[in-house]
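Down below is the structure, laid out as structure tokens.
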Amino acid sequence: MESTRLQKISRLVQKELSEIFRRETAKTRGTLVSVSSVRVSPDLSVANVRLSIFPPESAQEIMDNITQNERGIRYQLAQQVRYQLRRCPELKFHIDDSLDYIEHIDQLLAKDKRKED
């Protein structure tokens, strides 16, 4: 169970990262990166960030680019939250594939329903 403080910090990091990615993806037409969730460790040293990337075909390429620029993204985040947090957490980015998983389940259910008919 996360404490209220951890939840507030997670929401703050999510909001600021969303704004950073919105500004960066505005330069590249046709791509969208959204921050699905952020989990901050109890000691506030690491933030696990789950990203939804559209279109999914270019997700791995965009993810590689984000991981290469991790230090710059962390610096931008630190500039945004410098008055709220003493130290900016280290960022660990992960692809959020829950929407793909849901779509796959829907396809399987539709396929099963067609077999019944």
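Of all residues in the range 1-19 being touching a residue at least 40 places away in the same chain (Cβ under 8 Å) and closer than 17 Å to residue 86 by Cβ, which is surrounded by the fewest Cβ atoms within 10 Å (Cβ to Cβ)?
Among those that are touching a residue at least 40 places away in the same chain (Cβ under 8 Å) and closer than 17 Å to residue 86 by Cβ, it is 12.
As an exercise: evaluate residue 63 against (1) modelled with pLDDT under 90; (2) in a helix (DSSP H, G or I) and give the number of the one condition it does not meet.
Status for residue 63: all satisfied but (1).
Only one of (1) at negative phi; (2) at pLDDT below 95; (3) not aromatic (Phe, Trp, Tyr) is not met by residue 30, so which one is it?
Unmet condition: (1).
Only one residue in 50, 74, 22, 29 is in contact with a Ser or Thr (Cβ under 7 Å, 6 or more places away or on another chain) and either over 30 Å from residue 5 (Cβ atoms) or surrounded by 11 or more Cβ atoms within 10 Å (Cβ to Cβ) (or both). Which one?
The unique qualifying residue is 50.
What pairs come up if the first residue lies in the range 27-48 and is without any contact (Cβ under 8 Å) to a residue 60 or more places away in the chain, the second is surrounded by 13 or more Cβ atoms within 10 Å (Cβ to Cβ) and part of a loop (DSSP other than H, G, I, E, B), and their beta carbons are under 7 Å apart, counting only those six or more places apart or on different chains?
40/89; 44/89; 45/89; 46/89; 47/89
I'd like to know if the range 36-56 contains one or more residues that are part of a helix (DSSP H, G or I) and either touching a Cys at 6+ places or on another chain (Cβ under 8 Å) or closer than 27 Å to residue 101 by Cα (or both).
Yes - at least one qualifying residue is present in the range 36-56.
Looking at the structure I just gave you, is residue 99 surrounded by 11 or more Cβ atoms within 10 Å (Cβ to Cβ), at pLDDT below 90 and more than 21 Å from residue 13 (Cβ to Cβ)?
Yes, satisfied.
Considering 60, 80, 84, which residue is more than 12 Å from the chain's Cα centre (by Cα) and under 28 Å from residue 102 (Cβ atoms)? It would help to see each step written out before you state the result.
Working: 80 fails: under 28 Å from residue 102 (Cβ atoms); 84 fails: under 28 Å from residue 102 (Cβ atoms).
The match here is 60.
Looking only at the range 66-107, filter to residues that are among the β-branched types (Val, Ile, Thr) and part of a helix (DSSP H, G or I); which one of those is farthest from residue 21 (Cα to Cα)?
Step one: of the range 66-107, the residues among the β-branched types (Val, Ile, Thr) are 66-67, 73, 81, 95, 102, 105.
Still in the list and also part of a helix (DSSP H, G or I): 66-67, 73, 102, 105.
Details: 66: 10, 67: 13, 73: 9, 102: 24, 105: 29 Å.
Ranking the qualifying residues of the range 66-107, first place goes to 105.
Can you say whether residue 50 is under 22 Å from residue 75 (Cβ atoms) and touching a helix residue (DSSP H, G or I) at 6+ places or on another chain (Cβ under 9 Å), as far as the supplied structure shows?
It is true that residue 50 is under 22 Å from residue 75 (Cβ atoms) and touching a helix residue (DSSP H, G or I) at 6+ places or on another chain (Cβ under 9 Å).
Would you confirm, using the coordinates I've provided, whether residue 24 is modelled with pLDDT under 90 and in a helix (DSSP H, G or I)?
yes
The values are calculated or read from the model by the stated rules, or taken from the named source; none is laboratory data. Because the structure is predicted, anything quoted here is derived from the model rather than measured. Don't worry about glycine lacking a Cβ; one is built from the backbone with ideal geometry, like all the others, and counts go over all protein chains shown.
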